[in-house]
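Every read-out reported here was derived from the displayed coordinates using simple, explicitly stated rules and does not represent laboratory data. A quick note: this is a predicted structure, and the numbers were derived from the prediction, not measured. Here Cβ is always computed from backbone atoms with ideal geometry, including for glycine, and neighbour counts include all displayed protein chains.
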Amino acid sequence: MATVIDPHMANESIFKEIILNEICPAGEPWMCELKQGHYLRIIDLKGNQAVDTLLVTQHDPAERYSATDTLALNQAVYLEKGSVLYSNFGRSIAVIHDDTCGRHDTLGGACSCESNTVRYAHNTYPMHSCRNNFMHALALHPVARKFQLNVRHIGPNINFFMNVPVTPQGHLMFDDGISAPGKYVELYAEVDLIVLISNCPQLNNPCNAYNPTPIQLLVHTGVRSES
Ligand SMILES: [Zn+2]
């Protein structure tokens, strides 16, 4: 259950049934099972928080979210409302059902000790990273143990709320965020999924506005007014 009071948290009364409602603290990993037909709403409580996300299918952990299949089949370089998320087997596994941010990245990858060293400086190597979060959750989280996941299941990721524009010259920029407090993105699961999130701890680029903050994760069965 939620442990902090925040004005940007979702109004719980709008949902038909809430399966799970949690806060992931700044910089921490988070993991859950998401059943087919359920929704996952990710709320950027303080704004400008990058949420690095992996999706793995429950029926076969070798099948997972694929950035290349998703970009090719959507014919778009950014993710937004209506984007279909495809697996490495070319199957649609989820849809971005709702989105109040407007743009999400899947080109920039997840930060790691190694990428920090290459992009910034050698002394950033020991800094907390998304890859560390993924490895930590895969080693210890009960959902990872249930599905016998390990570091081999770290694949391409989505960076929800992260602004990585492609320049006219074809370069990627890690730019100031376009999200704001209370903005959210919502996935609809088309198959049974495992969701692994790193609430990015990065301090060397503006993806978190140099200030990692908590997010709210809410799994539900639909919004009342939609029925
Ligand atoms: Zn990160």
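Between the listed residues ALA189, SER129, ILE178, the Cα displaced farthest toward the positive end of the dipole of the range 19-226, a dipole computed from Cβ unit charges relative to the Cα centre, is found at SER129.
Take each peptide in 202-208, 175-181, count the other Cβ atoms within 10 Å of every residue, and average; sorted highest first, the result is 202-208, 175-181.
Averaging sequence separations of C-alpha pairs under 8 Å and six or more residues apart, then dividing by the length of the range 19-226, give the relative contact order as a whole percent.
After rounding, I find 45 percent.
Remark: the Cα gyration tensor places the chain in the rounded category, a/c being less than 1.5. For LEU140, put the label point 7 Å out on the Cα→Cβ axis and report which residues of the range 11-32 keep their amide N under 18 Å from it. Those under the cut-off are 23-32. Gain on full extension, evaluated as 0.36 nm per residue between ALA76 and SER13 minus their Cα-Cα distance, stands at 19.2 nm. Restricting attention to the range 19-226, the count of lysine pairs at 8 or more positions apart or across chains with alpha carbons under 27 Å apart stands at 6. Centre-to-centre separation between the Cα atoms of the range 151-177 and those of the range 88-143: 10 Å.
Once the dipole of the range 1-103 is set up with Lys and Arg at +1 and Asp and Glu at -1 on Cβ about the Cα centre, which of LEU54, LEU73, HIS8 lies farthest towards its positive end? Value: LEU73.
Checking the a/c ratio against 1.5 first, then a/b against b/c, what shape does the Cα gyration tensor give for the range 111-227?
oblate
For the range 64-125, chymotrypsin sites (Phe, Trp or Tyr not before Pro) meeting the loop criterion (DSSP other than H, G, I, E, B) and having at most 14 other Cβ atoms within 10 Å: PHE89. Considering only GLY108, THR213, SER92, the residue lying farthest towards the positive end of the dipole of the range 19-226 is THR213, judged by Cα position with unit charges set on Cβ. Less than 5 angstrom separates the built amide H of LEU85 from those of ILE93, ALA94, VAL95, ILE96, all sequence-distant by 5 or more or on a different chain. When a/c is below 1.5 the answer is rounded, else prolate if a/b is larger than b/c, else oblate, so apply that to the range 6-69 with a ≥ b ≥ c taken from the square roots of the Cα gyration tensor eigenvalues. Judged from the Cα gyration tensor, the range 6-69 comes out oblate (a/c at least 1.5, b/c at or above a/b).
A simple charge model with +1 on the Cβ of Lys and Arg, -1 on the Cβ of Asp and Glu and nothing else charged puts the dipole of the chain at about 300 debye relative to its Cα centre.
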